[in-house]
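These notes concern the structure reproduced below.
The values are calculated or read from the model by the stated rules, or taken from the named source; none is laboratory data. Remember, it's a predicted structure, so these values are computed and weren't measured experimentally. Glycine gets a Cβ as well: all are built from the backbone with ideal geometry, and neighbour counts include every protein chain shown.
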Amino acid sequence: MIPLLKKLEELRNTAFEELESLSSKADFEAFRVKYLGRKGEITSCLRELSSVEPDMRPKVGAAANELKKELTEALESRLNEADVKAKPKSKIDLTLPGRSHFLGKKHPISRTVEDIIDIFYGLGFSVAQGPDVETDYYNFDALNTPDEHPARDINDTFYVEDGICLRTHTSPVQIRTMENKKPPVRIIAPGRCYRKDTPDASHAPNFFQVEGLYVDTNVTFADLKGVINVFARRMFGSDVKVRFRPHFFPFTEPSAEYDFSCMICGGKGCRTCKNTGWVEISGAGMVDPAVFGHVGYDPSIYSGYAFGMGVDRITMLRYRINDIRYLYDNDLRVLTKL
Amino acid sequence: MNISYNWLKSIIPLEWSVEKLADKLTMSGTEVEAIEEFGAEFDNIVTAQVKSVEKHPNADKLKVCEVSDGDHDYHVVCGAPNVAENQKVILAKVGAKLPKGQHIKEATIRGVQSSGMICSYAELSLGEYTDVIVVLPDETTVGKPIQELFGEKDYVFELEITPNRPDCLSHRGIVREIQALGGGKLPVPAIAIEETGAPIDKEVVVEILNPDDCPRYAARLIKGVEIKPSPPWLVSKLHAVGIRSINNVVDITNYVMMEYGHPLHAFDFNLFENKKVVVRGADKNEKFVTLDGLERKLPEDSVLITDGGKAVALGGIMGGLNSEVTQDTRDILLESAYFNPVRIRRTAKAVKLSTESSQRFERGADLENITVPLDAAARLIRELAGGEIATGIADCYPNEYRRISIPLTVEETNRLLGTELSLSEIQSILESLDLLCTKTAENSLNAEIPSFRPDLNVPADLIEEVSRIYGFDNIPESEVLSGNMDVEIPANIRFAKSAREFFTVRGFDEVVNWVLYNPKKLQKLEYDYKPVQISNPLSEDTAILRPHLFGSLLDRVAYNLNRNVEDIKIFEVDTIFESAGKGKLPAQSLQLAGAWTGNAFKQGWGNPTRAVDFYDIRGLIEDFFIHIGYSNYRFSALDGDAFLDSEWSLAITSDDELIGKLGKGSSKTLDVFEIKQPTWLFFIDVPKLLGKREYIRFEEPPKFPPSDRDLALVVDDSLKVGELMGFVNSLDEKYLEDIRLFDIYSGKQVPENKKSIALSLRFRHPERTLTDDEIDNAINSILNRLKSKYKLDLRE
Ligand SMILES: [Zn+2]
C-alpha cells in the first residue's frame, strides 16, 4: 500500500475518534486548525503528494480531498449539536397545577328534583305547585282520608291552627290542579312535605316529594307501570328493574308501593336493601273514584293514575348517602365532593 | 303483626317454603318486613325432675340441685329463685348447645361441680323471663327431648297489615290470603265443645241498651276452672307472636285472638253482683277504673259492660279492675262482642288508651262470626283449666248484619287495569277470597260481602282485590306516549334553575335547609315579621316556618366555620313564609339569598387574594342581573335592617319597590349567630323581581368606531363617585355612549383628603366617525358642568 494512503487512513481514524471526544467551542476550533487548516494535517498530506508515483497521485489526491470533505461535514454537524446543547435550560413548567377559582355545586336534592322535572317534562308532564301549608280539606278530606285516620293525629302532623296543617304529602296538589282544569291533566308536583318525625338517619321532619298525576279517558294501571319503568331507567340506568306491590292508600285504588332493584348491590342483597334486593321508592295507584267525586270528574268517563316519589330517598340512593342528615347539615366538606 | 309459620301449617298443610310464602304474601299486599327464626333444634335438652335442692356452700344466691332425667342424676348449680324440690324442669345436659350459641360444659361454680343447666324460657329463646326457670306441669314425663313440648323450629313473619285489612290480623286471616294465592283451602272451623253445665239462660242474661254502638254481644260461662300457668307450648306460641304469658285463661283468649282475629275478654263471674250483662252507653262525666288501676273519665256514650249495676269493663278497650281474672277466679264469663269502630276510636283517643283489643275493634271486627272464637276459647279453657261449660251461648244480636252486594263488570275492571280478564277469571279470584259471587249478565256479577271485609264497598274495591290476587306483575306495562299536551314549567322553577346555574359557576355552593326554624334568633335580632307558628312543634327550635333565608344561611356559615372551612360562599333559593292572619293559609314566596365570607378569590399559587368586600357582592348581583337579562333596578340607601349593617348595605329597588338587599352582616347579627369574621349577604324577592322583569330586545351593533377619552379628576375624598357618574350621565351629552370608572386612588400622589378618580368616556356617532374637535368640545362641556357642580381638579 502507498504509504501516504496508509497515513491518510490512520489520520481518518484518529481524527474521527478525537472529534467524538470534543465538547467546547474552543476544542472544535483547535480541531479545525489541526486537521483542516492551511497548515493542518490534510494540507500537509497533499503537499507530500509529489513523493507519490505520478500515476497514483490522482487516487491519493482524491482520497485526501474526500477525507477533508468528510471531516468538514462531521465537524459541522458536531458544532450544530453542541450549539443546541449550549442553549440555556427552559424555565417553562407545565406540571404546575392549574389556577382554580371558587366553583360551587348544586345541592344534590336540587339536582334530583331538576332531573325528575326534566324526565317527566320530556314525557309530557307539566309542573304544578301548591302551598306547603294546607287546609285539612286538601291534605286529608279531598283525598278520601277518614276523619279518624291516624295520619291526622297531632303526633304525626304539624298544625298551624285547627284545620290548617303542614302538608304531609304533595298529593293536595292533585286536588288543586283537578279543581282548576278539566281532563286531560298530566302533571308532576315537586315540593316539601312535613311529618312529625324525630330526626334520625332516615327521617327528617321536612323532606321532599314529587307527586305525579295523569287523568284522561282510558288511563290504566298498565300505563302507570309503564311510566314508572321509564322513570326508573332514565334516573338509574337501563339495568334497573321495577316491581309493584299491592298496598293501601285512601286516595288510590288499586294502590301500590313500588320498588326499584337495588342499585347499590345490583339486586344481590346488601344493607341498603335489607338483603331483599329491592329498595322502596314510594306509593302509587289509580285515583280513587271518591277523589274524583271531590273535584267533579266523572269516574265512569275518566280514570287516572297518581304516584309519589321520595326525593330524599332517591338522592341518597344516587349518591350512596347513608344518613339523611348529611343532606340538610350542608357541610361544605361533604357537599363539594358530591 | 307477627305470624308463626308453624301455626299456619297447623291450619292448612302448606307446601310453600318460608321464602316462597314470604314472597307470595309481599307481592299480594301483605308485606313481610322481617323473618326471624324462632326456637331451635334442641339437642341434649330434656325434661327432668329436681330431686333435692341444697344451699351452695360458698354463695348465698346459688343452690346445688340433684336433677334426674330418669336414667342419671346430675349435680347442677342453679341461681333461679324459684327452683324447688320435685319440680319438673328443663335440663340442658353437658354437650347441649343453646339457641343463642352457649355450649353446656362440665363446670366448677364457686368450688362446686355443675354438670348441666336448668333452663329459663329466655335461655331457650322461647320467652322473656330470664331469672326464673321453666316449671313444667307435674304430669310431665322426664327424660323426653323438649321438642315434644315446644314443637319444631319455627319462623316468625313480621307483617305489615295495611289499615284497611283487619281480616288479616290473625293466622286464619292469613290462611285465607294463602287460599286466594293458591296455597290451600281454609278449613271451616269445626269445634267440638262439651257443654256439661246448666243452660246458659239460667245462668246469665245479656241485654244491649245501645245497639248502634254494640250491635252484638255473645257470652259463654265456664264454671269451676283452675287458674294456673299455661303449658309450655302455649307460652312459647304466644311468645313467638309477641304476647307475654299471664295465666292459662288470659293466655287462651290471646291465643284464640291470634288464631281467629277476634278479641275476647274473660271476667271473673263471681264478682258480678247480678247474673246479668247489660251493655249501655256511659253517662256524661262517668268514671271507670280500668284493670291497669287508673280511674278514667269517659266521654259520654262510651260503651260500658255492666253487671246490671256496676260497670265491669270499658267495652272493646279494657276490662275493669273489679272483675279481673285472678288466682282465685273459679267461674269465667267469656265475652265475644262487636263494637262500633268509630265509638271505640273516640273513647280510646279520649282516654288515651290504645290496646290490642281497641285497635282491632277500631279497624273493624268480624260481626257475623263472633261465636266461633268464643267456642274455640271455651273448649281450650276446659282443656287447660278444667271446669264445666254451660250449655249454649248467651247471644244478644238485636239486628242481624246485612251484607252488601257490589256489582262489577268485566269492562270496568279491564278499563282500570289495562288487562284482558274474563268474567270467570274475575269471579274465581273473588270467590277465592270467600266472597259469594252471582253472575248477573254475560259480563257482570254481583259479589256479596261478608262482615270480615268491611273495606269492600264499591266496584273499585273489588277491582283492587282482582288486581292484587291476579298479581301486579301479570299486568302489562304500556308504552309511554307523551301525546300533544300543552306542557308548562312555572316561572319560579325556571328562575331557580337559572339562579343555580349562575351562582354555582360564580363559586357558590347551594344549600338546602330545613324550613322549620328557630324563632329565638330572629327575636334577638328584633326581626319584624308575622310568624307562621306551629302549634305542636317537635321542639322550640323548630317552632316556625322560616320567614327569611338569612337565618338558615348564617347558621350554615357558623356550622362550616366551626369545621375549618374558611372560605364560604353559599346560596339558597327556596320558600319563605309569613302568616296572613288567623284562618288563612300563610303567604309563601320564593327567595334567593346568599352569604359570602373569607377570601374574594381562591387562594393558590399566583392568585393574589384579599378578603371579600362590599364591591364583590355588589358586582355579583349586577352580573346576576345581566345573566338573567334584567336591568330595571337601582341600588339605593338602606334605612335600617335587622340583619345588615346599614353603613355597608344597599337596597335593590325597582320602580321604587324593594326587591332585595345586599351588604354586610351587622355585628349584632354575627354575635347572635356566633360568627367571628365579616360576612356579606344578599337576598332577592323572586316574585317581585319576576313581576318587574322585561323582555330583552335586540340592538343593532354600532356601525362606526367609538372614541375613548380618559379623565383623571382629583376630588374630595368624601365625594360619592357613583353620584358624580350619575351626574355625567344625566347631562345628556350628545354622543356620550358610556362612562366607566377604571381606577380610584388616594395616597402620596394626591393631596390629603383628596382622591383621584379615573374615568373612561366613550363617544360615538351613529352615522359617522366623530372628529377630534367634536370630542374635545364634548369633554370640555362635561368638565365645565362638572366643575360648576363639584370642587375638582384635572389631574395630568
Ligand atoms: Zn342492595
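Looking at the stretch B:462-512, which of its residues are at the interface with chain A (Cβ under 8 Å from one of its Cβ atoms), part of a loop (DSSP other than H, G, I, E, B) and in contact (Cβ under 8 Å) with a residue 60 or more places away in the chain? B:SER478, B:ARG506, B:GLY507, B:PHE508, B:VAL511, B:VAL512, listed by residue number.
Here's the yes/no breakdown for (1) touching a strand residue (DSSP E or B) at 6+ places or on another chain (Cβ under 8 Å); (2) assigned to a strand (DSSP E or B):
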site	(1), (2)
B:ASN210	yes, no
B:ASP213	yes, no
B:ARG220	yes, yes
B:VAL249	yes, no
B:TYR255	no, no
B:HIS262	yes, no
B:VAL277	yes, yes
B:ARG280	yes, yes
B:LYS284	no, no
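Of the helices (runs of 4 or more DSSP H) lying entirely inside the stretch A:242-332, the ones with 2 or more residues being within 16 Å of the ligand (Cβ to nearest atom) are found at A:311-319.
Which residue out of B:ALA593, B:ALA558 is farther than 26 Å from B:LYS688 by Cα and either among the small types (Gly, Ala, Ser) or surrounded by 15 or more Cβ atoms within 10 Å (Cβ to Cβ) (or both)? I'd like the intermediate steps shown before the answer.
Values: B:ALA593 fails: farther than 26 Å from B:LYS688 by Cα.
Sole residue among the options that is farther than 26 Å from B:LYS688 by Cα and either among the small types (Gly, Ala, Ser) or surrounded by 15 or more Cβ atoms within 10 Å (Cβ to Cβ) (or both): B:ALA558.
Annotation note: Cβ proximity below 8 Å between a residue of the stretch A:249-269 that is free of Cβ contacts under 8 Å to residues at least 24 places away in the same chain and within 9 Å of another protein chain (Cβ to nearest Cβ) and a residue that is among the hydroxyl-bearing types (Ser, Thr, Tyr) and more than 8 Å from the ligand (Cβ to nearest atom) (sequence gap 6+ or interchain) occurs for no pair. Taken over the stretch B:315-337, the residue count meeting the criterion of being buried (at least 24 other Cβ atoms within 10 Å of the Cβ) and either under 18 Å from B:CYS396 (Cα atoms) or of a type in the set (D, E, K, R) (or both) is 7. In the condition set (1) more than 9 Å from every other protein chain (Cβ to nearest Cβ); (2) in contact with an Asp or Glu (Cβ under 9 Å, 6 or more places away or on another chain); (3) not in a loop (DSSP other than H, G, I, E, B), A:ARG192 is compliant with all but (1). Restricted to the stretch B:487-526, and to residues there that are hydroxyl-bearing (Ser, Thr, Tyr) and crowded, with 17+ Cβ neighbours inside 10 Å, the residue that is nearest to B:LEU689 (Cα to Cα) is B:THR504. Against the numbered list (1) more than 10 Å from chain B (Cβ to nearest Cβ); (2) part of a loop (DSSP other than H, G, I, E, B), A:GLN209 comes up short only at (2).
Only one residue in B:SER707, B:SER730, B:SER788 is touching a residue at least 24 places away in the same chain (Cβ under 8 Å) and small (Gly, Ala, Ser), so which one is that?
Numbers: B:SER730 fails: touching a residue at least 24 places away in the same chain (Cβ under 8 Å); B:SER788 fails: touching a residue at least 24 places away in the same chain (Cβ under 8 Å).
When all the criteria are applied, what remains is B:SER707.
Apart from one condition, A:ARG233 fits all of (1) within 16 Å of the ligand (Cβ to nearest atom); (2) out of contact with any Asp or Glu (no Cβ under 6 Å at 6 or more places or on another chain); the exception is (1). When we screen A:ASP136, A:ASP132 for residues that are acidic (Asp, Glu) and more than 10 Å from chain B (Cβ to nearest Cβ), the only hit is A:ASP136.
Every residue, every condition in (1) crowded, with 17+ Cβ neighbours inside 10 Å; (2) within 60 Å of the chain's Cα centre (by Cα), yes or no:
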{"position": "A:LEU5", "(1), (2)": "no, no"}
{"position": "A:LEU11", "(1), (2)": "yes, no"}
{"position": "A:PHE16", "(1), (2)": "no, no"}
{"position": "A:LEU19", "(1), (2)": "yes, yes"}
{"position": "A:ALA26", "(1), (2)": "no, no"}
{"position": "A:LEU36", "(1), (2)": "yes, no"}
{"position": "A:ASP55", "(1), (2)": "no, no"}
{"position": "A:ALA62", "(1), (2)": "no, no"}
{"position": "A:SER77", "(1), (2)": "no, yes"}
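Exactly one residue out of A:THR217, A:THR272 is touching a residue at least 60 places away in the same chain (Cβ under 8 Å), surrounded by fewer than 19 Cβ atoms within 10 Å (Cβ to Cβ) and assigned by TED's automatic domain parsing to the domain that holds A:ARG186, and it is A:THR217.
What's the number of the condition B:VAL83 fails, among (1) assigned to a strand (DSSP E or B); (2) surrounded by 13 or more Cβ atoms within 10 Å (Cβ to Cβ)? Of everything listed in (1) assigned to a strand (DSSP E or B); (2) surrounded by 13 or more Cβ atoms within 10 Å (Cβ to Cβ), B:VAL83 misses just condition (1). Taking B:LEU334 as the residue in question, decide whether it is in contact with a Lys or Arg (Cβ under 7 Å, 6 or more places away or on another chain), in a strand (DSSP E or B) and not aromatic (Phe, Trp, Tyr). Spelling it out, B:LEU334 is indeed in contact with a Lys or Arg (Cβ under 7 Å, 6 or more places away or on another chain), in a strand (DSSP E or B) and not aromatic (Phe, Trp, Tyr).
Checking each residue of the stretch B:557-565 against the condition of being facing chain A (nearest Cβ under 7 Å), modelled with pLDDT of 95 or more, in contact with a helix residue (DSSP H, G or I) (Cβ under 6 Å, 6 or more places away or on another chain) and assigned to a helix (DSSP H, G or I) gives at least one match.
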